[in-house]
Amino acid sequence: MKVASVLIPLPVPEAFDYEVPEALTLARGDQVAVPLGPRLMRGIVSEVFETTGSNRRLKAVDSLLDDPALPSRVVDFVEWAGRWTLSPPGEMAATALKGLRAPRPRPERRVRRVGERAPSRATPARTGVLEALGERSMAGADLARAAGVSSGVIKGLIDEGVLEIIEIAAEAAFDRPDPDHAPASLNGDQAAAATALAAGVTGGGFRPFLLDGVTGSGKTEAYLEAIARVLRADPAAQILILLPEIALTQALIERITARFGAAPAEWHSGVAPPRRRQVWEAVVAGRCNIVVGARSALFLPFVNLRLIVVDEEHDGSFKQEEGLVYHGRDLAVARARIEGAAVVLASATPSLETLWNAQSGRYDWLKLGARHGTAVLPDIALLDLRQNTPDPQTWLSQPLRLAIGETLLRGEQTLLFLNRRGYAPVVLCRACGHRLTAPDTDSWLVEHRYTGRLVCHLTGFSMARPKLCPSCGAEDSLVSVGPGVERVEEEVRQLFPEARTAVFSSDTAPDARSARALIQRMTDGEIDILVATQAAAKGHNFPRLTLVGVVDADLGLRGGDLRAAERTYQLLAQATGRAGRADRPGRAILQTWTPEHPVLMALAAGDRDAFVEAEMAEREAASLPPYGRLAAIILSSENAAAVEKTANDLAQAIPNAERLEVYGPADAPLALVRGRRRKRLLVRADRDVNIQAFLRAWLARVKVPASVRLTVDVDPYSFL
Ligand code: ADP
């Protein structure tokens, strides 16, 4: 008997076995319909094998579906990703089918000639139509225009059976990129990097690279040139470029279109589903060469993937925390390994993990020196707020105000950076000291003035700002504490009423289109002062921007989690790197209460190596990533007792293991979210310990009740 193991999109740890009917020939990757209870479900064949009878009676595969099979390496990849993240492999496989969920775009209706049939009456108009049409098929309206007749003439020919209407499936055409369309002339470092990258790709096999260079050094330019060479060597090569934010895709798509004379395919949640379906189908058919996308593009069914670029590889947005928990950068490296392809991680501030891999020789380290051309890195100054304390209820110190004024006078732009959405992060009652929180979540409500609401940033809960304190009932006693971007903008408007100001955050630019519009206004010089969260700190090129003011450089350092210092360094280096990218020199001013902090001193000195060395030493001493491994287990339930019990059961069942410790269970810092109680456990292991095997053995020992949700987060980035 032939049996097929089928991956089904359900939270189960393994594929299900089905009998293969005589009439069907199945292979790994095929899409099939299989019975599950009373329903039929779509599944992916992971394996087909012969067996001589079994004591279980297997149900049979219902049918082979018409949709394209997943390439076998894509199945390898989803299975590997399932094992690495301890996620159900069937759900990983379902991620690879996401593009198929949308309906196809509607077919196009066209007319064509029916055989040699001639019209009963050959008027000049009718003859003109038949001549214009020839052997082709055309949309009726186009044909009428081409022949210079009314649509009635065409309708008459259809009624007479001389022409017929046909429906043509709209198959998206993806133009082939032309590597020689508009080549750039690279400087020495860039050319060397492009050559090494291209050689890595065309040499075949798995080759990981770190492309390391300050903002504006031409990393994009270098990898575009490498892509051109890859396409010259193999016009069917497929290339995937991953970006951390949808807002960055448009600028890159424009650059690629200008360089190759053809637009790449775009893949992220902002792309309309029918379009995503076209991209999916073009990718699996090899009709599309370059895809620019968000992390989920890693699951596309490429058939000839030669290179993956992970741009801004240090960015925490590559970590997916909801649903399937995975890190896009790590999975990109894994996909390249499975495909036997090259992968290049590009950043001005690489993650410590990636630097560690480069230092130890696992990754080829390509370095770009200075900024391209005459552009120089901005001059970074620390501004000690103890000596330049802003007035009460204001946030910009005198020296920063002066610098903004000078920049305005020169007709140049300022970016004020504060990684806090809304107007004020906390609202409290002056009478009783109560801080307003969401009703079912442990987080403070953030005041938003533009919308007039108090918002929980974790769950999206919002309410109108109350008149009375919800705790003591005092009237008009609520005060806004601390600044968000809206409040800084309010201060800027008062100081510089003539300046054109705007706020850039996920509230003012919630989708790709509005972000693009805001970026365009800034690029065109229609904004003088932009107050922005991290949404504007990365990747964008603003030629007229010469001053970056960091309102609160200490903000990220207070968090105290594993990567607080690293993240702060990266974010501030990226934010300050926005200044002075064209021919005008830039400067950055960092307001801080702790100018002696090593992270800030390294930033001011432009000494990334010193920062990395100090931070690596701390991680090594504590055996934390990249020197060790971490995994978190998060339990949550509306039933507090059930969470408590499951946490205790887990604690009792910890397998013996060496060079590995388990911390907790403890209440999560966010102990209550949407009415669910949360507890966490943290596993730390030495690098050579197989932490996944440990977790699997451990979790197999404990029965988790249906009321408790258990999430495994391998290599956690959030500790909340
Ligand atoms: P990065 O990706 O390192 O931030 P980019 O590739 O975006 O750097 O380059 C920064 C700016 O410098 C861009 O406007 C780019 O067009 C320009 N640039 C970089 N290298 C060159 C080059 N060799 N020739 C022309 N312009 C270049």
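At a glance:
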{"read-out": "Surface share of carbon and sulfur [accessible, 1.4 angstrom probe, percent] for segment 55-118", "value": "44 percent"}
{"read-out": "Full-extension gain in nm, Arg56 to Glu618, via 0.36 nm per residue minus C-alpha separation", "value": "196.8 nm"}
{"read-out": "Bins of 5 Å, starting at 0 and running to the largest distance - Cα pair percent for segment 188-368", "value": "1, 9, 18, 23, 24, 15, 7, 2, 0"}
{"read-out": "Normalised convex hull volume, segment 83-196, alpha-carbon set, Å³ per residue", "value": "227 Å³"}
{"read-out": "Estimated distance in nm for a label pair at Ala666 and Asp524, the labels positioned 7 Å out from Cα along Cα-to-Cβ", "value": "5.2 nm"}
{"read-out": "Area accessible to solvent at Lys2, 1.4 Å probe radius, in Å²", "value": "90 Å²"}
{"read-out": "R0 of 25 Å, Cβ-Cβ distance Ala199-Ser360: FRET efficiency to nearest 0.05", "value": "0.70"}
{"read-out": "Mean ellipticity per residue at 222 nm, deg cm²/dmol - from DSSP H runs of n ≥ 4 across the chain, formula -39500 (n - 2.57)", "value": "-9000 deg cm²/dmol"}
{"read-out": "In Å², nearest 10: area of Asp62 left accessible to a 1.4 Å probe", "value": "90 Å²"}
{"read-out": "Carbon + sulfur, % of accessible area of segment 169-261 - ligands and nucleic acids excluded, 1.4 Å", "value": "53 percent"}
{"read-out": "Qualifying GluC sites (Glu not before Pro) for segment 565-633 [loop in DSSP, other Cβ within 10 Å: at most 12]", "value": "Glu596"}
{"read-out": "Counting all C-alpha pairs of segment 2-96, share separated by more than 16 Å (%)", "value": "50 percent"}
{"read-out": "Å² per residue, accessible surface of segment 628-714 at 1.4 Å", "value": "49 Å²"}
{"read-out": "Among beta bridges that DSSP assigns inside the chain, antiparallel share in %, nearest 5", "value": "55 percent"}
{"read-out": "Portion, in percent, of the accessible area of segment 484-563 that falls on carbon or sulfur, probe 1.4 Å", "value": "45 percent"}
{"read-out": "Glu254 - accessible surface, heavy atoms, 1.4 Å probe, Å² rounded to 10", "value": "100 Å²"}
{"read-out": "Net length gained if the chain between Leu65 and Ala517 were fully extended (0.36 nm per residue, minus Cα distance)", "value": "158.5 nm"}
{"read-out": "Rg [Å, one decimal], Dmax [Å, integer] - the chain, C-alpha atoms", "value": "29.5, 96"}
{"read-out": "Accessible area per residue, Å², segment 108-168 with all protein chains present, probe 1.4 Å", "value": "61 Å²"}
{"read-out": "Segment 628-714, Rg to Rh (Cα coordinates; Rh as Kirkwood inverse mean 1/r)", "value": "0.97"}
{"read-out": "The chain - Cys residues lacking any other Cys C-beta under 4.7 Å", "value": "Cys288, Cys456"}
{"read-out": "Extreme residue, positive dipole direction of the chain, given options Ile290, Leu186, Val162 (C-beta unit charges)", "value": "Val162"}
{"read-out": "Accessible area, probe 1.4 Å, largest first, for residues Glu79, Glu475", "value": "Glu475, Glu79"}
{"read-out": "Cα centroid separation - segment 193-235 against segment 469-548, whole Å", "value": "37 Å"}
{"read-out": "With 10 Å bins from 0: P(r) over segment 571-720, alpha-carbon pairs, percent", "value": "10, 29, 23, 19, 15, 4, 0"}
{"read-out": "Sparsely packed trypsin sites (Lys or Arg not before Pro) within segment 453-515, loop by DSSP, other Cβ within 10 Å at most 11", "value": "Lys467"}
{"read-out": "Average accessible surface area per residue within segment 188-368, 1.4 Å rolling probe, Å²", "value": "28 Å²"}
{"read-out": "Projected label distance in nm at Ser707 and Glu596, using a 7 Å step from Cα toward the beta-carbon", "value": "5.3 nm"}
{"read-out": "Solvent exposure ordering (accessible area, 1.4 Å, most first) of Cys472, Cys456", "value": "Cys472, Cys456"}
{"read-out": "Relative contact order %, the chain, counting alpha carbon pairs below 8 Å whose residues are six or more apart", "value": "11 percent"}
{"read-out": "√(5λ) per eigenvalue of the Cα gyration tensor, segment 108-168, largest first, Å", "value": "15, 13, 10"}
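The values are calculated or read from the model by the stated rules, or taken from the named source; none is laboratory data. Please read all numbers here as calculations on a predicted model, not as lab measurements. Glycine gets a Cβ as well: all are built from the backbone with ideal geometry, and neighbour counts include every protein chain shown. Accessible surface is based on the protein model in full, side chains and every heavy atom, while ligands, DNA and RNA are left aside. Shrake-Rupley method; radii C 1.70, N 1.55, O 1.52, S 1.80 Å.
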